[in-house]
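Below is one structure; the comments refer to it alone.
The values are calculated or read from the model by the stated rules, or taken from the named source; none is laboratory data. Fair warning: this is a prediction, and the values are worked out from it, not measured in the lab. Virtual Cβ from ideal backbone geometry, glycine too; neighbours counted across all protein chains shown.
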Amino acid sequence: MTDTPLSQTNPLDQFLCFSVYAAGLAFNRVYKPLLDRFGITYPQYIALAALRGKDGQTVSELGEKLFLESNTLTPLVKRLEAAGLVSRTRDKQDERVVRLSLTEAGRGIADEALGCVPADVLQATGMDHVTLGKLNDEMVKLGTVLRSNAGRTK
């Protein structure tokens, strides 16, 4: 066996953006069987988790949390509503604003999934809580900086 650094086994691994992309694809493969038993997709899972954290938020608030544009978020919310997991209501003060709430079924799935999926994903990473927490903190910082610099040219 050679002592070749991982970044030299695949030339694309020298690109941080590719490493993040490839890790995202790998996460999707881990999440899929975990979420299939609940009948939800990963985007639906994170939407339910965000709504579980704050019920009654507006569609635009949810979009900001998930970093999704309305053309992606609207079909996602409609599928959750059709599945009986989310309800949409017009805001009483401003009829243009739509508020989202988990239904009883949505709350149940969110609670059950959030109770077991994170532990299964932690196990799949092969990392401990501390290491994974530090990596997550760095990824959050990276995302924040990249979003603030998006569209800027030097």
Next on the checklist: Suppose the filter is among the β-branched types (Val, Ile, Thr) and exposed (fewer than 13 other Cβ atoms within 10 Å of the Cβ); does Val140 pass it?
Outcome noted: yes
Next on the checklist: Can you find, within segment 34-51, the residue that is farthest from Ala105 (Cα to Cα) among those that are more than 11 Å from the chain's Cα centre (by Cα) and buried (at least 16 other Cβ atoms within 10 Å of the Cβ)?
Outcome noted: Leu34
Checklist entry - Among the numbered criteria (1) among the hydroxyl-bearing types (Ser, Thr, Tyr); (2) outside any helix (DSSP H, G or I); (3) more than 25 Å from Thr58 (Cα to Cα), which single criterion is violated by Thr131? => result (2)
Next on the checklist: For the structure I just gave you, tell me whether Leu62 is surrounded by 12 or more Cβ atoms within 10 Å (Cβ to Cβ) and within 24 Å of Thr41 (Cβ to Cβ).
Outcome noted: yes
Next on the checklist: Can you list residue pairs whose Cβ atoms sit under 8 Å apart, with the first residue in segment 64-86 being in contact (Cβ under 8 Å) with a residue 24 or more places away in the chain and the second being surrounded by fewer than 12 Cβ atoms within 10 Å (Cβ to Cβ) and assigned to a loop (DSSP other than H, G, I, E, B)? Count only pairs 6 or more apart in sequence or on different chains.
Outcome noted: Ala83/Gly39
Item to check | Criterion (modelled with pLDDT of 95 or more and either closer than 21 Å to Tyr21 by Cα or surrounded by 11 or more Cβ atoms within 10 Å (Cβ to Cβ) (or both)) met by exactly one of Lys54, Lys78 | outcome: Lys78
Item to check | Pairs where the first residue, in segment 6-35, is in contact (Cβ under 8 Å) with a residue 24 or more places away in the chain and the second is of a type in the set (Ser, Thr, Tyr), C-beta under 7 Å, 6+ apart | outcome: Tyr31/Tyr42; Leu35/Thr41; Leu35/Tyr42; Leu35/Tyr45
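Residue-by-condition table, conditions (1) farther than 22 Å from Asn28 by Cβ; (2) modelled with pLDDT of 95 or more:
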| position | (1), (2) |
| --- | --- |
| Ala83 | no, yes |
| Arg90 | yes, no |
| Gln93 | yes, no |
| Arg96 | yes, no |
| Leu102 | yes, yes |
| Gly115 | no, no |
| Glu138 | no, yes |
| Ser148 | yes, no |
| Lys154 | yes, no |
Checklist entry - In segment 42-100, which residues are under 14 Å from Ala113 (Cβ atoms) and part of a loop (DSSP other than H, G, I, E, B)? => result Ala83, Leu85
Checklist entry - Residues of segment 104-123 being touching a helix residue (DSSP H, G or I) at 6+ places or on another chain (Cβ under 9 Å) and either exposed (fewer than 12 other Cβ atoms within 10 Å of the Cβ) or β-branched (Val, Ile, Thr) (or both), which ones? => result Ile109, Val117, Val121
